[in-house]
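Please read the structure below before turning to the comments.
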Amino acid sequence: MGSIFYTYEEAIEYIENLPKFTEKHTLSHTRNYLIELGIQEDKFKIIHIAGTNGKGSVSAMLSNILVLQNIRTGLFVSPHLIKHNERIKMDNKDIDDNEFLDAFIKVKNKIDEKEREGISHPSYFEFLFLMAMYYFNEKNAEYIILETGLGGRLDATNCLTKKELAIITQVGLDHMEYLGNTVKEIAGEKAGIIRENTPVIFQATDAKVTDVIEKMAAKVNAMAYPVARDYYKINIKRDKSIDFSINSGYYFKCEFTVPFISEYQVMNAAVVLEAVSKLKINHDYELIRQAIMTVKWEGRMEFAAPGVILDGAHNGPGIDEFIKTFNDYRCVGRKNILFSVVKDKDYDYMISVISRTDARKVYITQLDSSRALSTDKILRDFRDNNCHAEIAIVDNVSDAYDLAVNEKNKDDILFCVGSLYLVGEIKKHILSL
């Protein structure tokens, strides 16, 4: 079938059939495709973000700050929750289906041409990154915020050589089969996004990570700006937000609000504020404050329905933050958990810490994915960990969600956690109700 005859649905099917976890192509392979598509990287101001957790939230806050200043801003993130379009945004709006198809066809045609010359086909993530860059180029973006897909050093997004900023959020153990077995090894992969004479702002809460990033920055003559926990002070924790103030830096003594209930979002906002201070934009306090206060980022302690919170925590560091928020959350009624996970994550650890909470009931279900962990295995792990909560087994996510919501009293809170796939399936189901 010629590319000219693709429909949006056929384009999605084509992309979905590309290999997701495969040997990466070289960065020059991706860079050459950008050149072939007529994309000149020095046309844009690139903000590049790596990290184990927090990349999406930091990206969203930065994008909101730039967009509220009427700066043309492209945003490339992953994964999507419901629709591929969520990965490619211009001025905080998802690329529409027609624009998505246009970008797909332009990239696909170029790939077909290069394949005839013996150049190999890009992978799933590389293809989407090329589509995003083509779209941002067409839309004349001034700033482009790029979230790495996996790691940093060898990630397709790192093919860009000139950057306005590099940002590294929390680094922890995840994707160890690709990135390394220790936090230091993983931090080394993340630090691969640092460029000469480019500021790198990073979360400095782990001495081993800080050491790796600062050494890499010194090696390439980059300016390193650590953001530690004493950078900010939490003032008031509310039902759906947290007020905090900055203890140092450009916004010293300024007060801000994050529209989230998790303390880690304050750290993410502090990283953003340090990053913003390095940009040549309007630093008006009220404008920046408004941008952070009104940011939206789905699936991160998100109130998706009355008494229902969705959280995409899916690795050790993420679940630790979830448990802290879960334990701290003041609830008049009881707390229940809906849980599912994919089998290539550290589910043993996730289930062990959830088993030690005071959840009254845990609903376990199986994701609609070839990577899903079976409910039988999940149940065995909960029992092996002596979970005291009542456990219900429901084969599919929609039915599990409906049962949990129907059994919930008005003052109870249902936390849905374990995978971004779970969050996506629940959000899709809620939209269908």
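In this structure, residue 109 and residue 344 have a Cβ-Cβ separation that, at R0 = 30 Å, corresponds to a calculated FRET efficiency of about 0.30.
Accessible surface calculations at 1.4 Å, restricted to protein heavy atoms, place the chain at 43 Å² per residue.
Can you tell me how the chain classifies by the Cα gyration tensor, rounded, prolate or oblate, using a/c under 1.5 as the rounded cut? It comes out oblate by the Cα gyration axes.
Mind checking the full-extension length gain between residue 121 and residue 331? Use 0.36 nm per residue of separation minus the Cα-Cα distance, one decimal, nm.
Numbers: separation 210, 0.36 × 210 = 75.60 nm, distance 5.16 nm.
Gain in length upon complete extension: 70.4 nm.
Cross-link list 108/215; 162/345; 83/139; 163/324: which exceed 30 angstrom alpha carbon to alpha carbon? Mind dumping the intermediate values first?
Details: 108/215 40 Å; 162/345 34 Å; 83/139 21 Å; 163/324 35 Å.
Correct reply: 108/215; 162/345; 163/324.
Taking a ≥ b ≥ c as the square roots of the eigenvalues of the alpha-carbon gyration tensor, region 189-346 is classed oblate because a/c is 1.5 or more while a/b is no larger than b/c.
Rounded to whole Å, give me the distance from the Cα center of region 350-373 to that of region 62-84. Between the Cα centre of region 350-373 and that of region 62-84, the gap is 31 Å.
Suppose R0 equals 45 Å. What FRET efficiency, 1/(1 + (r/R0)^6) with r the Cβ-Cβ distance, do residue 219 and residue 371 give to the nearest 0.05?
Working: r = 37 Å, r/R0 = 0.82.
It comes out at approximately 0.75.
Model label sites at residue 140 and residue 393, defined 7 Å from Cα along the beta-carbon direction, differ in position by 6.0 nm.
With a/c under 1.5 counting as rounded, go ahead and sort region 58-188 into rounded, prolate or oblate using the C-alpha gyration tensor (a ≥ b ≥ c being the square roots of the eigenvalues; past the cut-off, prolate if a/b is larger than b/c, else oblate). Don't jump to the answer; show the numbers that get you there.
Values: a/c = 1.86, a/b = 1.12, b/c = 1.67.
Verdict is oblate for region 58-188.
Given points 7 Å out from each Cα along the Cα-Cβ axis, report the residue 10 to residue 284 separation in nanometres with one decimal. Calculated label separation equals 4.9 nm. In the chain, the DSSP-assigned H stretches of four residues or longer account for a calculated mean residue ellipticity at 222 nm of -12000 deg cm²/dmol, using -39500 (n - 2.57) per stretch and the full residue count as denominator. Near residue 226, once Lys and Arg are set to +1 and Asp and Glu to -1 for all other residues with Cβ below 12 Å from its Cβ, the sum equals -4.
What area, in nm² and to one decimal, does the C-alpha convex hull of region 92-140 cast on average over all directions? Write out the running numbers ahead of the final one.
On the way: hull surface 14.5 nm².
Spelled out: convex hull of the Cα atoms, projected over all directions, averaged, 3.6 nm².
Dipole magnitude for the chain: about 1060 debye, using +1 per Lys or Arg Cβ and -1 per Asp or Glu Cβ, origin at the Cα centre. The DSSP beta bridges internal to region 320-433 are antiparallel in roughly 5% of cases.
Taking 7 Å steps out from each Cα toward its Cβ at residue 379 and residue 430 produces label points 2.8 nm apart.
Contact order, relative form, for the chain: 14 percent (alpha carbon pairs under 8 Å, 6 or more residues apart, mean separation divided by residue count). Computed in the context of the full set of protein chains, the accessible area of region 1-123 at 1.4 Å probe radius has 49% of its extent on carbon or sulfur.
The values are calculated or read from the model by the stated rules, or taken from the named source; none is laboratory data. Predicted model only: the values in this text are computed from it and were never measured. Using ideal geometry, Cβ is built from the backbone for each residue, glycine included, and neighbour counts are taken over all protein chains shown. All accessible areas refer to the heavy atoms of the entire protein, side chains included, with ligands and DNA or RNA removed. Shrake-Rupley method; radii C 1.70, N 1.55, O 1.52, S 1.80 Å.
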